[in-house]
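Structure first, then comments.
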Amino acid sequence: MDQVFDLVATYGYAALYVLLMLGIVGLPIPDETILVFTGYLISRGTLKPVPALLTAVLGSSSGITVSYILGRTLGLEAIHKFGKYLHVTDERLARVHEWFDRIGRWALVAGYFIAGVRHLTAILAGTSKLSYRSFALFAYTGALLWASLFLTLGYFFGERWHEIADAVHHYLLWISGGVAVLVLVYLLARYWRKKHP
């Protein structure tokens, strides 16, 4: 993971853009940790706040748009076929699809804050033929909120950025697990109601 931080420290905005784009598409890149580290670099004066925020939003927006286009053009069949390369299992896809159907566009905003979900919500937005205009409004708003939060954390925690990054990672995993349990309970309740009207 240190190599990722070295890339951001050495190549600055370009590395930040590419890493966030690839991470949002679904590659195993520690997105939140990169943002917290970038916030730390801002606090040191290595990077400037406005260009860093714009780069982070553009990188994450580009990544989520790629996922949306994949869903819209290739559809679910291709996602099932090639999803394993982006860590998209049938189980995860079904879980997120149920969630997306339930809360729709807001999933594009909330999905940024749940590990392993953000690129799936964009794929599902594409497969559900959500208009690009609606997708962009919610997905790019989510990117702005998400990037702002983690850059701010890194900025204010400064030298303790690694400590806060570990805590963020830990709590995001707990939140993701909690969401998974809630979705499972909801699905079981629906199944029970269908079997016992």
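The values are calculated or read from the model by the stated rules, or taken from the named source; none is laboratory data. Owing to the predicted nature of the structure, the values given are computational and were not obtained by experimental measurement. In this analysis, Cβ positions are derived from the backbone assuming ideal geometry, glycine residues included, and neighbour counts consider all displayed protein chains. Ligands, DNA and RNA are excluded from the accessible area calculation, which covers all protein heavy atoms including side chains. Shrake-Rupley method; radii C 1.70, N 1.55, O 1.52, S 1.80 Å.
Summary table below
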{"read-out": "Accessible-area value, residue 149, 1.4 Å probe, nucleic acids and ligands omitted, Å²", "value": "80"}
{"read-out": "Spin-label pair residue 4/residue 145, simplified geometry with 7 Å Cα→Cβ offset, distance in nm", "value": "2.3"}
{"read-out": "Solvent-accessible surface (1.4 angstrom probe) belonging to residue 72, in square angstrom, nearest 10", "value": "90"}
{"read-out": "Label-point gap, in nm, between residue 132 and residue 74 - each point 7 angstrom along Cα→Cβ", "value": "1.9"}
